[in-house]
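Right, one structure below, let's go through it.
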Amino acid sequence: MERTLVLLKPDCIQRRLAGRVLSRFEDKGFNIVALKMMRISPALAQQHYAEHVAKPWYPTLEKFITGGPTVAGIVEGLEAIRVVREMLGATSGLIAAAGTIRGDFSSSRQMNLVHASDGPEAAQREIALYFKSEEIIAYEPTITPWLRAGDES
């Protein structure tokens, strides 16, 4: 089992797409093991996007990500990091394939609705930025035997 951080960014919340986006992860068979609405502070944005802070476009990114409410969540399942990123589609909604979240809902290079961790190390670091261990509620849905074989873990 893998866990990945997912952020439903301010544009996703303002457009009232949170439920539709989260339902895609649940429809795929993933568990949502943590979820909260929050406003990302400039300090948290700088921690999250530390590798980008010195780039000339960072102030625009920080203004966007701190500009409204965000829903942070942890999605858990088999190969969750890779599969969730594939479900999101290309970073730019203008080139993201139809059927992906960005391909279906975004028509912008920058307003791309959702963030997901890009690898195991990033997922671990990002989850720790947004959630305390006691905020993560692991559970086994009763439908699990109908989602994957018993020897898949």
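The values are calculated or read from the model by the stated rules, or taken from the named source; none is laboratory data. None of the values given here were measured: they were computed from a predicted structure. Cβ atoms come from the backbone with ideal geometry, glycine included; neighbour counts cover every protein chain shown.
Numbers below:
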item: Condition check for GLU76: at pLDDT 95 or above and closer than 30 Å to ASP151 by Cα; result: yes
item: Which numbered condition SER92 misses (of (1) without any contact (Cβ under 8 Å) to a residue 40 or more places away in the chain; (2) within 29 Å of TRP146 (Cα to Cα); (3) assigned to a loop (DSSP other than H, G, I, E, B)); result: (2)
item: Subset tally (residues that are acidic (Asp, Glu), closer than 27 Å to SER153 by Cα and either in a helix (DSSP H, G or I) or within 11 Å of the chain's Cα centre (by Cα) (or both)) for the stretch 1-50; result: 2
item: Any pair with Cβ under 7 angstrom, 6 or more apart, that starts in the stretch 125-140 at a residue that is surrounded by 10 or more Cβ atoms within 10 Å (Cβ to Cβ) and ends at one that is assigned to a helix (DSSP H, G or I); result: GLU126/HIS48; LEU129/LEU44; LEU129/GLN47; LEU129/HIS48
item: Among (1) in contact (Cβ under 8 Å) with a residue 40 or more places away in the chain; (2) in contact with a Phe, Trp or Tyr (Cβ under 7 Å, 6 or more places away or on another chain); (3) farther than 16 Å from ILE136 by Cβ, the one test that ALA34 misses; result: (3)
item: Tally, over the stretch 82-102, of residues that are farther than 20 Å from ARG3 by Cα and surrounded by fewer than 18 Cβ atoms within 10 Å (Cβ to Cβ); result: 8
